[in-house]
Amino acid sequence: MTTRIQKEAKKDSFLINMGPSHPAMHGTIRIMLELDGERVLNSEVEVGYLHRGFEKTCEHKTYFNLLPYTDRMNYVSPLINNLGYVMTMEKMLGIEAPEKAQYIRVIMSELSRISDHLTCLAAMAMECGAFTVFLYKIKAREFIWDVIEETTGARMTTSYIRIGGVRADLHPNYEEVLNKAIVETRKVLKDVHGLLDKNKIFLNRTRDVAVVAPEVAVNYGWTGPCLRSTGVYFDVRKTFPYSVYDQLDFEIPLGERGDNFDRYMVRMKEMEQSLRIIEQAMKKIPKSTAKTMAKGVQPAEAIKASREKRVEKNIILSPNLEGSEKDKYQDILAKSKKYIVPPKEETYTSIEGLINHFQFFMRDHGIRPPKGEVYFAVEGGNGELGYYIVSDGTEKPYRLHVRAPCFHVMAALEEMIQGHYVADVIPTFGSINMIGGEMDR
Amino acid sequence: MEKKEILKELEHQFAEKITATSSDFGDDTLIIDRKSLLEVVQFLKQKPYEYSMLLDLTCVDHMGREPRFEMVYHFFSLTAKHRLRIKVPLSENDLSIESLASIWKNANWLEREVYDMFGVSFTGHPDMRRLFMYDGFEGFPLRKDYPLRKRQPRIRLRK
């Protein structure tokens, strides 16, 4: 089987293969280059090495069970993937999360955005030889992930944002950790600006390399930082405000030329805006109506007592890993028995709770949205992350399709690297932040 | 609201070409015949609508229903800040539709994905090959009659 480029290549040009296992082709992708000396005449991008049948799998899972699969798409910002899916479902079911949960969602998705941009730029800089930048950024990402880990209990595959709200309340200690992460990230951003902005080696590989005109970017369906680097103003958070983004003050940084450097700069500036959003959200987030750590009996004692009579006292559960306490449900989950997993205290100690639990998880029960189809998008790390769900009224989606933002950006890679040097291919590929899990699904 | 107006205007413009319109869940949808797809989308791309962005393109397999397949296009207008969905039913016996690759460049890959997963062929597509699956893969995995755990025979290593 010959590839397209093998058929089309000129006789005297040189064909070279990059990837799928190449240190700079992170995310398993294969680029076949037709070279004249060091110049790229033509190229062919081959994708699909990370195709895991996400959409097919989801069609065979219930609406509740498929949530963890969404973590594994853009694995650097899983919380935004959760949010996209969950908000699509909420649009379909007609429920809304309480205000506190909305603020938690905003904080979490902005943290994920920062971690996404940090990873992208860290890899891009490292491939240009700036290893220091890589280490600095990964260090900052660790602080961000500490915040996420403390509240959600996981670093990457969080499954934290649930239909109707979030899994658990913020950790009592979150403000301290978050403030530390913000300070450290600001420091790193300042250092990186100093290291890269006027660095000749970096500029040679990025300034005026892989320039994309705004019309071309729109024609390719680009969204997110890549589109904004060409100067087109479009951000889902501003155009179709979801959650509480309309109550927060932030700017959308734009680029001018649409080259690699602008894509780098837009991401750097966006991280600063994300930090601003987080700081505002931290101030505005409503206080818990429940006491932070409810006094109560241990779970084992409660189960023992429940054999004789109904337990009226609070039961202590870890807010992170074992499910939130019942008291906190009103702050973080919508009031709906049909779509929310019942509190564990009730499941283990009362018959109604147990029935509710089974009604939620039993086969042919659970979340059943009305018939119809719905499209909803959130601003992911790479752009508009859209979910298109077709429901036939059963507990499983009839069809679930994800609009992966980096798919559209990657489609333009062949055109972007045409006429540039082989050395430019790598920062160009780095600047578009392809995430294999999201792109190949 | 403005959204409804767009649908009304389009219904007026293409009275005989639009089969149905709907705004379920607030998503404005047009259902058109495949013959008029190119004409409608080219009209939508021009002013005053300027649906200049092809957000998404996919297919749904309604097995047991006639027509069995349904192409789903999502367009976005930067000036009107509005998303529009266009659906085109396709019969299983004649599973082909005009390609949009000459109008939107990302349609090239998106249509390859749909061809790969559903077997819909696009007339006028410059490079109709599978995108995610390999050459030699049998069947179309996202069709409803393709079993979840079906295994494929081994193929020879590519030379």
- Item | A:Lys337-B:Ser91 FRET efficiency (beta carbon distance; Förster radius 56 Å; 0.05 resolution) | 0.80
- Sort A:74-83, B:144-153, B:127-136 for me by packing, meaning the mean count of neighbouring Cβ atoms within 10 Å per residue, highest on top. A:74-83, B:127-136, B:144-153
- Task: Could you tell me which of the pairs B:Lys17/B:Lys81; B:Lys8/B:Lys105; A:Lys100/A:Lys137; A:Lys238/B:Lys35 are separated by over 27 angstrom between their Cα atoms in the structure shown?
- Result: B:Lys8/B:Lys105; A:Lys100/A:Lys137; A:Lys238/B:Lys35
- Query: In sequence order, what are the phi-derived ³J(HN,Hα) couplings for the range B:35-43 according to the Karplus relation 6.51 cos²θ - 1.76 cosθ + 1.60 with θ = phi - 60°, rounded to whole Hz, with x for glycine and proline?
  - Reply: 5, 9, 4, 4, 4, 5, 5, 5, 5
- Message: Please give me the summed charge of the neighbours of A:Ile95: other residues whose Cβ is under 10 Å from its Cβ, Lys and Arg +1, Asp and Glu -1.
- Response: +1
- Item | C-alpha center-to-center spacing [the range A:217-295, the range A:424-441] in angstrom | 21 Å
- Dipole of the range A:13-105, Cα-centred, from +1 at each Lys and Arg C-beta and -1 at each Asp and Glu C-beta, to the nearest 20 debye? 380 debye
- Task: Specify which residue in the list A:Ala9, A:Pro68, A:Leu33 is farthest towards the positive end of the charge dipole of chain A, using unit charges on the beta carbon of Lys, Arg (+1) and Asp, Glu (-1), about the Cα centre.
- Result: A:Pro68
- Query: Separation of the range A:90-159 and the range B:1-77 by C-alpha centroid, Å?
  - Reply: 36 Å
- Item | Of A:Lys335/B:Lys87; A:Lys61/A:Lys287; A:Lys304/A:Lys337; A:Lys187/A:Lys283; A:Lys283/A:Lys328; A:Lys61/A:Lys338, pairs whose Cα-Cα distance is over 29 Å | A:Lys335/B:Lys87; A:Lys61/A:Lys287
- Message: Using each residue's phi in the range B:59-71, evaluate 6.51 cos²θ - 1.76 cosθ + 1.60 at θ = phi - 60° and report the 3J(HN,Hα) Karplus result to the nearest Hz, with x for Gly and Pro.
- Response: 9, 10, 9, 9, 5, x, 10, 10, x, 6, 9, 9, 7
- Note on the structure: Ranked from fewest to most other Cβ atoms within 10 Å of their own Cβ, A:Phe202, B:Phe43, A:Phe376 fall in the order B:Phe43, A:Phe202, A:Phe376
- Message: Quick query: amide H of B:Asp56 versus all other amide H atoms, modeled in the peptide plane; which residues come in under 5 Å with a sequence gap of 5 or more or a different chain?
- Response: B:His74
- Gyration tensor (alpha-carbon) shape descriptor, the protein assembly as shown, a/c threshold 1.5: oblate
- Note on the structure: Percent of all Cα-Cα pairs per 10 Å bin for the range A:4-46, counting from 0 up to the last occupied bin, reads 32, 49, 19, 0
- Message: Relative contact order for chain B: what percent, with Cα pairs under 8 Å and sequence separation of 6 or more?
- Response: 16 percent
- Query: Sequence-distant or interchain residues sharing an amide H contact under 5 Å with A:Gly165, placed H: which?
  - Reply: A:Ala334
- Item | Charge dipole (debye, nearest 20) of the protein assembly as shown; +1 at Cβ of Lys and Arg, -1 at Cβ of Asp and Glu | 1280 debye
- Message: From the helices alone, meaning DSSP H stretches of at least four residues, give me the mean residue ellipticity at 222 nm for the protein assembly as shown, per-run term -39500 (n - 2.57), in deg cm²/dmol to the nearest 500.
- Response: -12000 deg cm²/dmol
- Message: Can you tally the net charge around A:Gly393? Count Lys and Arg as +1, Asp and Glu as -1, for every other residue whose Cβ sits under 15 Å from the Cβ of A:Gly393.
- Response: 0
- Task: May I ask for the equivalent-ellipsoid semi-axes of the range A:49-139, computed as the square root of five times each C-alpha gyration tensor eigenvalue and listed largest first in whole Å?
- Result: 31, 19, 7
- If one compares the long axis through the Cα atoms of helix A:260-284 with the longest principal axis of the Cα atoms of chain A, the angle in degrees, nearest 10, works out at 20 degrees
- Note on the structure: HN-Hα couplings for the range A:80-87 via Karplus (6.51, -1.76, 1.60; θ = phi - 60°), in whole Hz with x for Gly/Pro, come out as 6, 4, 4, 4, x, 5, 5, 6
- Message: Which one, B:Val88, B:Leu54, B:Ala20, is farthest towards the positive end of the dipole of the range B:2-95 when Lys and Arg carry +1 and Asp and Glu -1 on their Cβ?
- Response: B:Leu54
- Note on the structure: Quick note on B:Ser91, A:Ser21, A:Ser306, A:Ser243, ordering by fewest other C-beta atoms within 10 Å, gives A:Ser21, B:Ser91, A:Ser306, A:Ser243
- Item | chain A, relative contact order [Cα under 8 Å, separation at least 6], % | 25 percent
- Sequence-distant or interchain residues sharing an amide H contact under 5 Å with A:Leu35, placed H: which? A:Phe14, A:Leu15, A:Ile16, A:Leu41
- Item | Cleavage-rule hits (GluC sites (Glu not before Pro)) in the range B:87-150: DSSP loop, at most 14 neighbouring Cβ within 10 angstrom | B:Glu92, B:Glu138
- Message: Restricting to Cα pairs below 8 Å that are 6+ residues apart, what does the relative contact order work out to for the range A:1-149? Please round to a whole percent.
- Response: 12 percent
- Message: Between helix A:351-361 and chain A, what is the angle of the helix's C-alpha long axis to the longest principal axis, kept within 0 to 90° and rounded to the nearest 10?
- Response: 20 degrees
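Every number here is computed from the coordinates shown, using simple stated rules; none is lab data. For clarity, every value in this text was computed on a predicted model and none was experimentally measured. Backbone-built Cβ (ideal geometry, glycine too); neighbour counts: all protein chains shown.
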